[in-house]
Amino acid sequence: MLRLQHIGKHYDNKVVLDDINVAIESGEIVSLLGPSGSGKTTLLNIILGLTKPDRGTITFNGVDMTSLPMKKRGFNIVFQDYALFPNLNAYDNIVYGLRNKKESVSEQEIGEYIEFLELQPHLKKRISELSGGQKQRVALARTLVTKPQLLLLDEPLSALDGVIKESIKKRIQSVAKQFKLTTIIVTHDPEEALTLSDKILIIQQGSVAQFGAPQDIIHRPGNDFVKQFIIQQLHIKRQNIYNLFGETHV
Ligand SMILES: Nc1ncnc2c1ncn2[C@@H]1O[C@H](COP(=O)(O)OP(=O)(O)OP(=O)(O)O)[C@@H](O)[C@H]1O
Ligand SMILES: [Mg+2]
């Protein structure tokens, strides 16, 4: 279980995160959902260990991680822009993070991730020769081969569209379930959060507006902000959501 208690952060004179409390169960997919500037990336970076909170604690499976540096937490992230190395081919990108600890992951295990993400035909290609969806899968493989205890993804779908988006979405879900990997995904798209995750943490100006399963949030929005932000968008995309939840009284 990942537990955040009383996490606070400010930049300059602005409070960016205010008393965030949340507990995420092992193997759960959780979306961090909120408008631009609400503090999603800041919270993700605090969990990763890239940003230091002003106050609060982070524990993972009962171990206090708050003052552990990023490398010692055993978490890993797929950045929004993928951050792949353009001069290396797909395979060399995938194994890049293992260059100093190759003994801990066998060739066979690396092969399994590559197979799972169907990347075999693309291993020799340069990054510039890959499509958006293929780049995203390489970025995902590069993170998975490090065998993180916690997988963090910052807006993994925002650069993708249509069919590719759906296929990466399914891929992320099956990775999380297959490897029983606790997964936290940042998004500003309510539809994405509702269809991808087991639970959604809705952030409103640095505070938790609601934390719950998609069904709860749709049927029992916690406050007016959630209603506005989620429900209105669902009415816009009415048909899609009705198909998913089989309900007509949204
Ligand atoms: N390094 C920084 N220095 C100063 N202010 C920052 C810094 N990082 C973030 N902020 C501010 O903190 C607030 C939250 O930023 P954050 O990047 O966490 O938002 P976000 O929810 O991820 O937004 P977006 O959806 O646009 O990515 C913003 O007002 C931003 O300007
Ligand atoms: Mg962000």
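The values are calculated or read from the model by the stated rules, or taken from the named source; none is laboratory data. This one's a predicted model, so the numbers in the text were calculated from it and none came from an experiment. Because the Cβ atoms are built from the backbone with ideal geometry, glycine has one as well, and the counts that use them run over all protein chains shown. Accessible surface is based on the protein model in full, side chains and every heavy atom, while ligands, DNA and RNA are left aside. Shrake-Rupley method; radii C 1.70, N 1.55, O 1.52, S 1.80 Å.
Observations on the model:
- The residue that is nearest to ligand 1 (Cβ to nearest atom), counting only those in the range 1-20 that are open to solvent by 10 Å² or more (accessible area, probe 1.4 Å) and closer than 25 Å to GLN173 by Cα, is ARG3.
- Unmet criterion (only one of (1) farther than 27 Å from ASN223 by Cα; (2) within 16 Å of ligand 1 (Cβ to nearest atom); (3) surrounded by 14 or more Cβ atoms within 10 Å (Cβ to Cβ)) for LYS52: (3)
- Of the helices (runs of 4 or more DSSP H) that lie entirely inside the range 59-119, those containing 2 or more residues that are open to solvent by less than 70 Å² (accessible area, probe 1.4 Å) and aliphatic (A, V, I, L, M) span 90-94, 107-116.
- Hits in the range 4-38 (condition: part of a loop (DSSP other than H, G, I, E, B) and away from ligand 2 (no atom under 15 Å from the Cβ)): ASP12, ASN13, GLU25, SER26, GLY27, GLU28
- Condition check for LEU157: touching a helix residue (DSSP H, G or I) at 6+ places or on another chain (Cβ under 6 Å), within 16 Å of ligand 1 (Cβ to nearest atom) and at pLDDT below 90: yes
- Unique residue being modelled with pLDDT of 90 or more, of a type in the set (A, V, I, L, M) and in a strand (DSSP E or B) when the list is ALA209, ALA193, ALA176, ALA141: ALA209
- Residue list for the range 1-36, filter: of a type in the set (Lys, Arg) and touching a Pro at 6+ places or on another chain (Cβ under 7 Å): LYS9
- Complete set of residues in the range 49-83 that are in contact with a Lys or Arg (Cβ under 8 Å, 6 or more places away or on another chain) and within 13 Å of ligand 2 (Cβ to nearest atom): THR51
- Selection count, the range 28-48, where residues are open to solvent by 20 Å² or more (accessible area, probe 1.4 Å) and either without any contact (Cβ under 8 Å) to a residue 12 or more places away in the chain or small (Gly, Ala, Ser) (or both): 3
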